[in-house]
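The structure under discussion appears below in the form of structure tokens.
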Amino acid sequence: MARIPLIVGNWKMHMTLEETTRFCVSLKQGLAGDPRTSSLVKSGALELAVAPPFISLAASAEALRGSSICVTGQDVFWADTGAYTGEISSLMLRDAGCRFALAGHSERRQYFQETDEEVNRKAAALLRTGLSPIVCVGETLSERQGGAAFQVIEQQVRAGLKGLAMKSPQDLVIAYEPVWAIGTGQTATPEQAEEAQAFIRKLLEEMLPSFAPEMRILYGGSVKPDNISKLMAMPDVDGGLVGGASLDSGSFLEIARGACPRS
Ligand code: PEP
């Protein structure tokens, strides 16, 4: 089965509730005005998802109802319930209408000292609840310059996916996000993205041989309307995790268009 392109907009800590609703309404209208992209989304040949802050998840799910655009958590806690002040469980994400959630975004690793072990526990919690984790991996600039990029990626993939109970290749998505490309405007070249993502696919072939060919690997790091098509032309780039350029519904839609499978 071909891998269905997936574009996820990561809003990070942006947008109020009112702005969220406005964005979702405008995205829905924009999509409705683009019959080709809209029919691809409706038929499941292209998947679109937005990842607003936790408090806007339910409102965005409501505003996007009927559009086939999914809602995604930006993070999750690894326990299902309990005395964990300030945390949000996978059950709560599901309840709010989420289909996916990010685990191990580099900003969580950098500012909140999230470890590979925690990322693994978060991914396990999501799978337990029927949500698909989007496990983020990627090297920093100094790791790349020091020649350690592939070692870092391998460690994050192996530890992040360790022992996970997947039932199908669609259960989990990997996002390769070189940290030096996030929010910097310095996108990895399509060849750099492909080199890393083909490497990840090889690791998956070893770890999950029956699922690897059908698992999706997204690229993230300064994806824009003008670079998505070249990235998507790479054999192991199955979609994009988009930060800054996803905050405008028009630009997000243009990226979605650029990711449309060729007819
Ligand atoms: C991200 O948030 O994961 C990201 C890739 O951000 P940006 O597109 O702004 O680089």
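The values are calculated or read from the model by the stated rules, or taken from the named source; none is laboratory data. A quick note: this is a predicted structure, and the numbers were derived from the prediction, not measured. No Cβ is skipped: glycine too gets one built from the backbone with ideal geometry, and neighbour counts run over all protein chains shown. For the accessible areas, the whole protein counts, side chains as well, though only heavy atoms, and no ligand, DNA or RNA atoms are used. Shrake-Rupley method; radii C 1.70, N 1.55, O 1.52, S 1.80 Å.
If you go through segment 96-118 and keep only what is within 16 Å of the ligand (Cβ to nearest atom) and of a type in the set (S, T, Y), you end up with S106, Y111. Going by the conditions given, is F252 at pLDDT 95 or above and within 12 Å of the ligand (Cβ to nearest atom)? Judged against the criteria, F252 is a match. Among the conditions (1) over 22 Å from R128 (Cα atoms); (2) touching a Ser or Thr at 6+ places or on another chain (Cβ under 9 Å); (3) touching a residue at least 40 places away in the same chain (Cβ under 8 Å); (4) of a type outside the set (A, V, I, L, M, F, W, C), D34 misses just one, which is (2). Considering A103, A83, the condition of being hydrophobic (A, V, I, L, M, F, W, C), at pLDDT 95 or above and buried (at least 17 other Cβ atoms within 10 Å of the Cβ) is satisfied by A103 alone. Among residues of segment 137-154 that are surrounded by fewer than 16 Cβ atoms within 10 Å (Cβ to Cβ), those with a Cβ under 8 angstrom from a residue that is part of a loop (DSSP other than H, G, I, E, B) and at pLDDT 95 or above, sequence gap 6+ or separate chain, pair up as A148/E139. In segment 214-249, the residue that is surrounded by the fewest Cβ atoms within 10 Å (Cβ to Cβ) out of those that are more than 16 Å from the ligand (Cβ to nearest atom) and in contact (Cβ under 8 Å) with a residue 60 or more places away in the chain is E214. Only a single item in (1) in contact with a Ser or Thr (Cβ under 8 Å, 6 or more places away or on another chain); (2) open to solvent by 50 Å² or more (accessible area, probe 1.4 Å); (3) not hydrophobic (A, V, I, L, M, F, W, C) is not met by P52, and it is number (2). Listed conditions (1) surrounded by fewer than 21 Cβ atoms within 10 Å (Cβ to Cβ); (2) within 16 Å of the ligand (Cβ to nearest atom); (3) at negative phi; (4) modelled with pLDDT under 95 are all met by A165, apart from (2). Checked against (1) surrounded by fewer than 17 Cβ atoms within 10 Å (Cβ to Cβ); (2) within 16 Å of G9 (Cβ to Cβ), E117 passes all but a single condition, namely (2). More than 16 Å from the ligand (Cβ to nearest atom), over 24 Å from V173 (Cα atoms) and among the polar types (S, T, N, Q): which single residue out of T37, T20 fits that description? Only one candidate passes the filter, namely T20. Examine segment 72-95 for a residue that is within 16 Å of the ligand (Cβ to nearest atom) and assigned to a strand (DSSP E or B), and state whether such a residue exists. So far as segment 72-95 goes, yes, one or more of its residues are within 16 Å of the ligand (Cβ to nearest atom) and assigned to a strand (DSSP E or B).
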